[in-house]
Amino acid sequence: MTADISTALGDDGILVATMDSAGRPMNILNEAMAAPLAEIVGRLETDPAIKGLILTSAKKDFLAGADVDRLWAISSTQEAFDESMQLKAFIRRLELCGKPVVAAIHGMCLGGGLEIAMGCHWRIVVDDGKARLGLPEVKLGLLPGGGGTVRMPRLVGMQQALQWMAEGTEVRAAEALASGLVNQLVASKDEALQQARAWCLANSKPKQPWDAPKFRYPGGDSRTPAAAQLFSVAPSMASAKSYGNYPAVTHIMSSVFEGGVVGFDAALVIESRYFAACAISPESRNLIGTLWYQLAAIKKGQSRPAGFAAAKVAKLGVLGAGMMGAGIAYAAAKAGIEVVLLDSTQEAAERGLAYSQSLLDKAVKKGRSTPEARQALLARIMPTTDYALLAGCELVIEAVFEDRAVKAEVTQKAEDVIGADAVLASNTSTLPISGLARASARPAHFIGLHFFSPVDKMPLVEIIVGAQTSDETLARGVDFVQQIGKTPIVVNDSRGFYTSRVFATYVMEGLAMLKEGVHPRSIEQAGLQAGMPMPPLALQDEVSLSLALHVADQTRKDLIEEGRTYTAHPGESVLRQMCALGRIGKKAGQGFYDYGEDGKSLWAGLAEHYPLAARQPGQPELIDRLMFVQANEAARCLEEGVLRSVADANIGSIFGWGFAPFQGGALQFINALGLPRFVERSEQLAAAYGDRFKPAQLLRLNAEQGASFSD
């Protein structure tokens, strides 16, 4: 029919339409796909030879969703409303055509893809472990615009639909069947087509449940007591989690509730109005710009040097089997890489292997893995104390304690064994790579690979290029990070690099506030209201006060040795005092919080050591301090050449330490506010709280020139 959809009419009158977006790895609901789909519906409505339709895919996935480029181009609420209603009109014609329509689904069926599938009369899913169904629009600050908030609650019930849509959940095949989202599971694509054909022939005049006169919501509509209870609690729960920073969540709830007190077609119109409100919201523009376009550019290798053949690691060495080393070993083994996990004692190395065992045991218990897969992965990790076993490793990553002498020792021992072209990487989070490379006999093959804890969950790896790191080594580093399914950002060498350096400004600002006499609960609340995943004092407890103090002392020592001036942060004295009191963080059971079996609570002794000031600042002031100090430091990193791109800055800030995602990243936060306004507010904060808030010179220049941050 077209390059994007082919059709084949069988002798039985069943039309099979196979989606295959030209030049794309996945099917996308764009104009090239929508136009032939609309034409197919027209044939269904008018051609008596066609008895039914099966919609399937030639690619590994069914349909990924709407064309984000088209969404990005929308400039008004009216345009967004019209686009949404146009998609709905097509799907509505599909389900009212009077002939059976079946979606034969395999792989990913998300967003607009699932909305079309829900508009089919029967949904069959290939249950091969790869199927994922969902409406993840909320992750881009949107809500489903093709009837998702109308059909899903009518299929699975309001409560389940709200949870899945508000969280952007990708549902597995068995759960989709149990919930009523799909109708049938099969073992293969061929069986899916056979069963779809049989269903069409057995159901010549199908009708959607909601078009039947006696239709009732599973669990009741918005007028039932159960719904009244649900909607009396859900908004407050959502607010407690998002602090109003994600309006799409509220709009999803409103669309479901209002759609549950009116007829089906009126509910579709209501959804389009809420979709339009989301489509042009600042939150959606921030999220799409960063988590779609900039993330895609990074994944396509924008920071990888050209001219080098793609490389894969078959055997990896990991020096240090603590939590970080064990996590790296697990991530690599999961990607099919043989791993030598080395520590100073066999017992320590075995503990590192046990970490992977514990993760896999949980996966098997939850049905996400099998005992056979668990055993195969564990067999790829060799715990040892013998450096000779590193022979043949294309890459060795040291993940030992943050001490130069210890790192130098293991580097030299590894280099005595590994091949001349092997790469040696450090997982250091703060120590400059160029300095660590001095212990290497071949600094061109030395690089930083900074993982984040816990490695199995955190998606980012910060790649640090030392003064002598070669482009080929960088290319191999990028390839490895992508090989294990992580997202790489590339930065130049500097103390603290990018992520650790800017992350520290957030927690240290919280400590400075405490020293000034700001109520600790206000500090913590400001962090959460700003959109950060954890408040500053609790986060400092997590990463350890003693470690933060060690880094500060090491920095002081290094700068003095270099003949440079060291200026202590106002929060540093809080670190020293708390450590002197033995309150070094969560690992010791006491820091800014007390930790017990019942959870945690702020330490009552804070009031004694840090008395409350007579005047307490408002929350907006505290939020500004926490956000501006991070964004300004990110701008300094760009100004100093530590950052190589705006995309690395934004993605690194969100994936690395959780900078409020709805802001689109640290530099996008400045863009969205406007550089002149950011500079003005920074000057006000600097006058009130110190030079750390003075805007970077790059910000002043860009503000004067009317420029913004873009790659």
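The values are calculated or read from the model by the stated rules, or taken from the named source; none is laboratory data. Every value quoted in this text rests on a predicted model; they were computed, and no experiment measured them. Glycine also receives a Cβ, built like all others from the backbone with ideal geometry; neighbour counts cover every protein chain displayed.
Looking only at residues in the stretch 567-583 that are part of a loop (DSSP other than H, G, I, E, B) and within 36 Å of the chain's Cα centre (by Cα), the one that is surrounded by the most Cβ atoms within 10 Å (Cβ to Cβ) is G571. Taking the conditions (1) closer than 27 Å to E409 by Cβ; (2) over 23 Å from the mean Cα position of the chain (by Cα) in turn, R374 satisfies each one other than (1). For G510, indicate whether it is farther than 25 Å from A647 by Cα and not assigned by TED's automatic domain parsing to the domain that holds I433. Against the criterion (farther than 25 Å from A647 by Cα and not assigned by TED's automatic domain parsing to the domain that holds I433), G510 qualifies.
Residues in the stretch 400-438 that are within 22 Å of S344 (Cβ to Cβ), under 33 Å from the mean Cα position of the chain (by Cα) and aliphatic (A, V, I, L, M): V400, A422, L424, A425, L431, L436. Do we find a residue being part of a helix (DSSP H, G or I) and modelled with pLDDT of 95 or more anywhere in the stretch 593-606? Checking the stretch 593-606: at least one residue is part of a helix (DSSP H, G or I) and modelled with pLDDT of 95 or more.
Of all the listed residues (A649, A631, A688, A635), the sole one being in a helix (DSSP H, G or I), modelled with pLDDT of 95 or more, of a type in the set (A, V, I, L, M) and touching a Gly at 6+ places or on another chain (Cβ under 7 Å) is A649. Looking across the stretch 47-90, the residues that are of a type in the set (S, T, N, Q), touching a residue at least 24 places away in the same chain (Cβ under 8 Å) and surrounded by fewer than 19 Cβ atoms within 10 Å (Cβ to Cβ) come down to S75, S76, T77, Q78. Do we find that D190 is at pLDDT below 95, assigned by TED's automatic domain parsing to the domain that holds L71 and among the acidic types (D, E) in this structure? Taking the combined requirement at face value, the residue does not satisfy it. Residue count for the stretch 153-209 under the criterion of being crowded, with 20+ Cβ neighbours inside 10 Å, in a helix (DSSP H, G or I) and in contact with a helix residue (DSSP H, G or I) (Cβ under 8 Å, 6 or more places away or on another chain): the result is 11. Only residues that are exposed (fewer than 14 other Cβ atoms within 10 Å of the Cβ), more than 22 Å from T555 (Cβ to Cβ) and charged (D, E, K, R) were counted in the stretch 370-412, giving 2.
Determine the pairs where a residue that is over 10 Å from W122 (Cα atoms), located within the stretch 178-204, has a partner that is of a type in the set (S, T, N, Q) with Cβ atoms under 8 Å apart, the partner being 6 or more residues away or on another chain. Close Cβ pairs (under 8 Å, with a partner that is of a type in the set (S, T, N, Q)) amount to S179/Q160; V186/Q195; K189/T56; A192/T56; L193/T56; Q195/Q184. In the stretch 494-520, which residues are part of a loop (DSSP other than H, G, I, E, B) and either buried (at least 24 other Cβ atoms within 10 Å of the Cβ) or at pLDDT below 95 (or both)? Correct list: S494, R495, G496, F497, Y498.
Among the conditions (1) at pLDDT below 95; (2) surrounded by fewer than 15 Cβ atoms within 10 Å (Cβ to Cβ), the only one that V543 does not satisfy is (2).
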